[in-house]
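K.L.:
So that we are looking at the same thing, I have put the structure below in structure tokens.
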Amino acid sequence: MEEKIIDENKLTGFFDKDTEIKGDLFFEGSFRIDGRFTGKIESDSVLIVGDNGKVDADIKIGNIIINGEVKGTVEAKEKVEINASGRVIGTVITPKLSVEEGAYLEANCQITNQVSLRREEEKAEEVFQPLPEKKPDSGYQS
């Protein structure tokens, strides 16, 4: 598999440090957050959390570069990169994890090629439906 080169300078979207947004974020191309974001983020592209960025979200992403703070579940299809100034608290699921010296990581980490653990659990719940309660046999004598 060919490693993609990520150019942090080519952005298609940006939240500045004085911006606070709550909701769902869907995008294509590279996106940078230097402000505060709360909610859900989904993209097959690159998310960059800048030094001033504070993200509290469930994130499903292609690649993520973390220089600020991320709380929540991060599921990356390709790579999670936590730089020295980065802080991650929550769950990280990815095939590749890079943690630079000095970074703060307080997370349950799973290095896997599976796209989403939660989707697999939902499928398992559909298969394993509870059985109806069995009623005692009325002809049984003790």
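K.L.:
Taking residue 101 as meeting all but one of (1) part of a strand (DSSP E or B); (2) at pLDDT 95 or above; (3) of a type outside the set (Gly, Ala, Ser), write down the number of the exception.
P.N.:
(1)
K.L.:
Return only the number of the condition from (1) modelled with pLDDT of 95 or more; (2) of a type outside the set (S, T, N, Q); (3) in a loop (DSSP other than H, G, I, E, B) that residue 75 does not satisfy.
P.N.:
(3)
K.L.:
Continuing with the same structure: Every residue in region 36-68 that is of a type in the set (Asp, Glu) and in contact with a Gly (Cβ under 7 Å, 6 or more places away or on another chain), please. Reasoning before the result, please.
P.N.:
First, pick out the residues of region 36-68 that are of a type in the set (Asp, Glu): 42, 44, 51, 56, 58.
Selection gives 44, 51, 56, 58.
Matching residues to (1) farther than 18 Å from residue 76 by Cα; (2) surrounded by fewer than 16 Cβ atoms within 10 Å (Cβ to Cβ); (3) without any contact (Cβ under 8 Å) to a residue 60 or more places away in the chain:
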site	(1), (2), (3)
10	yes, yes, yes
19	yes, yes, yes
23	yes, yes, yes
26	no, yes, yes
29	no, yes, yes
35	yes, no, yes
41	no, no, yes
44	no, yes, yes
49	no, no, yes
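K.L.:
Looking only at strands (runs of 3 or more DSSP E) that fall completely inside region 1-62, which ones have 2 or more residues that are modelled with pLDDT of 95 or more and touching a strand residue (DSSP E or B) at 6+ places or on another chain (Cβ under 7 Å)? Write out each step before concluding.
P.N.:
Working: elements: 13-15, 20-26, 30-33, 36-42, 46-49.
Per the criteria, 20-26, 30-33, 36-42, 46-49.
The values are calculated or read from the model by the stated rules, or taken from the named source; none is laboratory data. Please read all numbers here as calculations on a predicted model, not as lab measurements. For neighbour counting, all protein chains shown are included, and Cβ atoms are generated from backbone atoms with ideal geometry for every residue, glycine included.
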